[in-house]
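Asker: Sharing a structure, written as structure tokens. Questions coming.
The values are calculated or read from the model by the stated rules, or taken from the named source; none is laboratory data. Just so we're clear, the structure is a prediction, and the values are computed from it rather than from any experiment. Here the Cβ positions follow ideal geometry from the backbone for every residue, glycine too, while neighbour counts run over all protein chains shown. What goes into the accessible areas is simple: the full protein's heavy atoms, side chains included, and nothing from ligands, DNA or RNA. Shrake-Rupley method; radii C 1.70, N 1.55, O 1.52, S 1.80 Å.
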Amino acid sequence: MKQESVSQSTPPASPPHSPSPELPAQHPQDDSDPPALWIFGYGSLVWRPDFAYSDSRVGFVRGYSRRFWQGDTFHRGSDKMPGRVVTLLEDYEGCTWGVAYQVQGEQVSEALKYLNVREAVLGGYDTKEVTFYPQDTPDQPLKALAYVATPQNPGYLGPAPEEAIATQILACRGFSGHNLEYLLRLADFMQLCGPQAQDEHLAAIVDAVGTMLPCFCPTEQALALV
């Protein structure tokens, strides 16, 4: 943005007893407001954050891989039939794509209060600081808060063959909808990120679902699931 040039000429003398011009009122920042915070979503948060935010950016975190290893007895499953949702697994060569949301001022406490219920209380997730690389400016990384399900939480299911995970996803539904919707929305997001965004685990489960779905239920019922 161009800066206005400063005149080098001597300003005219002010008339005697001229009152000083009034400056516009200043509104100092409220020191009680928490600092801005970035929140990284890599599961349902990429399409349904459900909290107010000031900015959002698509990008990735390094050193983690996404896995459908967390059980869900509320959003995408039930106590008798837990669904499968994603968590982050530490992986030196891993890269997980998602969306980072910036919250500011009152948005910070409201977002954290909401996510504490959605992710921690109902989901079994803990918080972890990660380094997020925006897709457009990867040379300007950001510190972000991520919700991660560890093996210590009671809902953790751990690894399983992709075919077994696909079978479980096809069978489960929770208060937020069918587990299959969760899988396909996440796959759609990855396609929008472009060819540089790869997730072999996710792709293998999608392929397994595609093979099983015609046998699992009639076409009309399959379409109703999503």
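Asker: Excluding residue 73 itself, calculate the net charge of residues whose Cβ lies under 12 Å from the Cβ of residue 73, where each Lys or Arg counts +1 and each Asp or Glu counts -1.
Answerer: +2
Asker: So what is the accessible area of segment 115-186 per residue, in Å², with the probe set to 1.4 Å?
Answerer: Per residue, segment 115-186 has 49 Å² of solvent-accessible surface.
Asker: Ordering 193, 95 from largest to smallest accessible area (1.4 angstrom probe), what's the sequence?
Answerer: 95, 193
Asker: Find the relative contact order for segment 31-172 and round it to a whole percent, using C-alpha pairs within less than 8 Å whose residues are 6+ positions apart.
Answerer: 32
Asker: With a sphere of radius 10 Å drawn around the Cβ of residue 101, what net charge do the other residues whose Cβ falls strictly inside it have (Lys, Arg +1; Asp, Glu -1)?
Answerer: Residues close to residue 101 contribute a combined charge of 0.
Asker: Hey, quick one: spin label on residue 192, modelled 7 Å out along Cα-Cβ, who in segment 43-61 has an amide N within reach, i.e. under 14 Å?
Answerer: 43-50, 56-59
Asker: Any idea what the relative contact order of segment 46-126 is, in percent, if you count C-alpha pairs under 8 Å spaced at least 6 apart?
Answerer: Relative contact order, segment 46-126: 36 percent.
Asker: Would you work out what percent of the accessible area of segment 79-210, with all protein chains in place, is carbon or sulfur (probe 1.4 Å)?
Answerer: C and S fraction of accessible area: 52 percent.
Asker: Send over a whole-number figure in Å² for the accessible area per residue of segment 46-107, probe 1.4 Å.
Answerer: Roughly 46 Å² per residue, with all protein chains present.
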